[in-house]
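Just below is one structure, and these are the notes that go with it.
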Amino acid sequence: VMTPGLVDCHTHLVFGGARADEFEARLEGASYEEIARRGGGILSTVLATREASEQTLFNAALPRLKALVEEGVTTVEIKSGYGLDVANELKMLRVARRLGEELPVHVLTTLLGAHALPPEYENDSDGYIELVCNEMIPAAAAEGLADAVDVFCEKIAFSVAQCERVFKAAQAHGLPIKAHAEQLSNLGGAAMAARHCALSADHIEYLDDAGIAAMREAGSVAVILPGAFHTLRETQQPPIAGLREAGVPMAVATDANPGSSPIFMPTLMLNLACTLFRMTPQEALAGMTANGAAALGLKGQGQLHEGAVADLCVWDIETPAELAYAVQPGRLRQRVYQGELTHGR
Ligand code: DI6
Ligand code: FE
């Protein structure tokens, strides 16, 4: 079976440290939210990422990206969001750009400065949002380091109003926007993002009908992230049937990150999207090809047709549905990137 090269449109592949301790704490009953509130979670990765040199971060991220590439990914998005100051956010984005120069994969970078509140801004989240808007976004734009800007709109992160400020600053610098929204609660972040013509709203387990309507209207892609749902043992399902009925395009991505989705296996996400959320294997595959591309502003890519970009995978399977059906690494027979054979013969 030949498919377009896989598009993983949502990852946090660049980070310092690891969070197995937090995994254990959650198994003993602590929630993701509780761990974040006591200074663990994203903030523990921030400390490790700030301490790491650019080279250390690059060396750590390279095998993660290799794992994706060896499973057929030809386009990947990599977010910052563990630096949370200008220098460290730019450092992360530089590492992401370098990764794309090192391996045969198209890397798009996303500035996620508004991911969590750094300790030095405790009790001053508006002050931090000003830093993101007035310094971080302009610096990333000036150096050409960001292809998009993302936010984490959540009670443990930033409010809808704060995220809206970030979006306005991004758009003033000509950068497209996207949002982590409705992951742990329904704040209306996805609808607000849609009103600003966001490329995508991601996670969206708690998305309501008004959010679906706003996304349909704006043409925003719904990025479904079953790895985080699985890892955090969540129970609130994203509204797949409603999205399907409304015709909102659905993407599927790994959300590969050290906390909520330490999973670096794209085809497993196809399987989880089907088993956990009852997406069809065809929807899941479209989610990691054409709709993943659309979530990155690459409309028309991630497709097989004459004249399309020659990013292709040939798999040792008999039908496309098998890609989602079996959890089985090693089925990629050939990988073609920009017309060049990069795997197999
Ligand atoms: N939601 C996520 O799933 C990632 N970021 C976010 O806002 C998780 C990041 C982490 O836990 O390190
Ligand atoms: Fe994420």
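Read-outs: derived from the displayed coordinates by stated rules, not from any lab. It should be emphasised that the depicted structure is a prediction, and the values quoted were computed from it without experimental measurement. Here Cβ is always computed from backbone atoms with ideal geometry, including for glycine, and neighbour counts include all displayed protein chains.
I need a count of the residues in the range 116-129 that are surrounded by 15 or more Cβ atoms within 10 Å (Cβ to Cβ) and in contact with an Asp or Glu (Cβ under 9 Å, 6 or more places away or on another chain).
3
Tell me which helices (runs of 4 or more DSSP H) are completely within the range 1-78 and hold 3 or more residues being charged (D, E, K, R), or say none if there are none.
Correct list: 20-27, 32-37, 54-69.
Could you please let me know if V95 is more than 12 Å from the chain's Cα centre (by Cα), surrounded by 24 or more Cβ atoms within 10 Å (Cβ to Cβ) and in contact (Cβ under 8 Å) with a residue 40 or more places away in the chain?
It is true that V95 is more than 12 Å from the chain's Cα centre (by Cα), surrounded by 24 or more Cβ atoms within 10 Å (Cβ to Cβ) and in contact (Cβ under 8 Å) with a residue 40 or more places away in the chain.
State whether one or more residues within the range 50-63 are of a type in the set (G, A, S), away from ligand 2 (no atom under 15 Å from the Cβ) and over 30 Å from G339 (Cα atoms).
yes
Which residues, counting only those in the range 324-345, are surrounded by 14 or more Cβ atoms within 10 Å (Cβ to Cβ) and closer than 15 Å to E70 by Cβ?
R331, L332, R333, Q334, R335, V336, Y337, T342, H343
What number of residues within the range 244-271 are of a type in the set (A, V, I, L, M, F, W, C), under 15 Å from H230 (Cβ atoms), more than 10 Å from ligand 1 (Cβ to nearest atom) and surrounded by 24 or more Cβ atoms within 10 Å (Cβ to Cβ)?
Of the residues in the range 244-271, 4 are of a type in the set (A, V, I, L, M, F, W, C), under 15 Å from H230 (Cβ atoms), more than 10 Å from ligand 1 (Cβ to nearest atom) and surrounded by 24 or more Cβ atoms within 10 Å (Cβ to Cβ).
What strands (runs of 3 or more DSSP E), lying completely within the range 123-237, carry at least 3 residues that are within 14 Å of ligand 1 (Cβ to nearest atom)?
148-153, 177-181, 200-203
How many residues are within 21 Å of the chain's Cα centre (by Cα) and either aliphatic (A, V, I, L, M) or buried (at least 21 other Cβ atoms within 10 Å of the Cβ) (or both) if we restrict to the range 48-63?
Qualifying residue count, the range 48-63: 6.
Name the single residue, out of those in the range 79-122 being β-branched (V, I, T) and closer than 30 Å to T289 by Cβ, that is nearest to ligand 1 (Cβ to nearest atom).
Among residues in the range 79-122 that are β-branched (V, I, T) and closer than 30 Å to T289 by Cβ, the one nearest to ligand 1 (Cβ to nearest atom) is T110.
Within the range 101-119, is there a residue that is in contact with a strand residue (DSSP E or B) (Cβ under 9 Å, 6 or more places away or on another chain) and free of Cβ contacts under 8 Å to residues at least 12 places away in the same chain?
There is at least one residue in the range 101-119 that is in contact with a strand residue (DSSP E or B) (Cβ under 9 Å, 6 or more places away or on another chain) and free of Cβ contacts under 8 Å to residues at least 12 places away in the same chain.
Could you please let me know if G81 is over 29 Å from A251 (Cβ atoms) and in contact (Cβ under 8 Å) with a residue 60 or more places away in the chain?
Against the criterion (over 29 Å from A251 (Cβ atoms) and in contact (Cβ under 8 Å) with a residue 60 or more places away in the chain), G81 does not qualify.
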